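Shown next, in structure tokens, is the structure this report addresses.
Derivation of every value follows stated rules applied to the coordinates shown; laboratory data play no part. Fair warning: this is a prediction, and the values are worked out from it, not measured in the lab. Please note: Cβ atoms are built from the backbone with ideal geometry, for glycine as well, and neighbour counts cover all protein chains shown.
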Amino acid sequence: MSTVVVNDIFLENPYTGHPELTTCEADVLWEYAKLAQNVKQLAAKSKVLTTEPDEMLLARLRELEKKMGLVMTLFKASIWGVINEQQT
């Protein structure tokens with residue numbers, strides 16, 4: 001088997017024309033090679049995500065945290081108002 005550039009594995013079957021493989025076997029090996037490359041890419045991306053925080057995501061989560069704090073405060077105030085109305 002010759003050396004194949006990473007992106008070429010998705011475009012062209014490197015096992016086509018191999019004298020010891022049937023067409024079906026070549027197709028199965030190609031699908032396995034594509035799956036293996038996808039898993040490698042996924043592992044690389046997940047490694048990047050775990051080592052470097054996503055600043056945009058963190059900023060959005062901080063904004064959401066502030067909004068949730070406000071919602072919780074308003075919820076507590078409305079519950080307090082309902083309890084006070086029931087006691088009077």
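Observations
- Computed magnitude of the charge dipole of the chain (debye, nearest 20; Cβ of K, R +1, Cβ of D, E -1): 660 debye
- Relative contact order for the chain, counting Cα pairs under 8 Å that sit 6 or more residues apart, in percent: 17 percent
- The Rg/Rh ratio of the chain, with Rg taken over Cα atoms and Rh as the Kirkwood radius over Cα pairs, comes to 1.51.
- In the chain, a dipole from Cβ-located charges (positive for Lys and Arg, negative for Asp and Glu) runs towards its positive end, and of 68, 44, 30 it is 68 whose Cα lies farthest in that direction.
- Taking 34, 67, 47 in turn, the Gaussian network model of the chain (Cα-Cα springs below 10 Å) assigns the largest fluctuation to 67.
- Among 39, 48, 71, the largest mean-square fluctuation in a Gaussian network model of the chain, built with springs joining Cα atoms closer than 10 Å, belongs to 71.
- Annotation: extensible slack from residue 71 through residue 35 equals 8.5 nm (criterion: 0.36 nm per residue apart, minus Cα-Cα distance).
- Cross-link partners for residue 34 among the aspartates and glutamates, with Cα-Cα distance under 15 Å and sequence neighbours closer than 8 places in the same chain left out: 8, 12, 25.
- 10 Å Cβ shell holding at most 15 others, DSSP loop, GluC sites (Glu not before Pro): longest site-free stretch of the chain: 21-88
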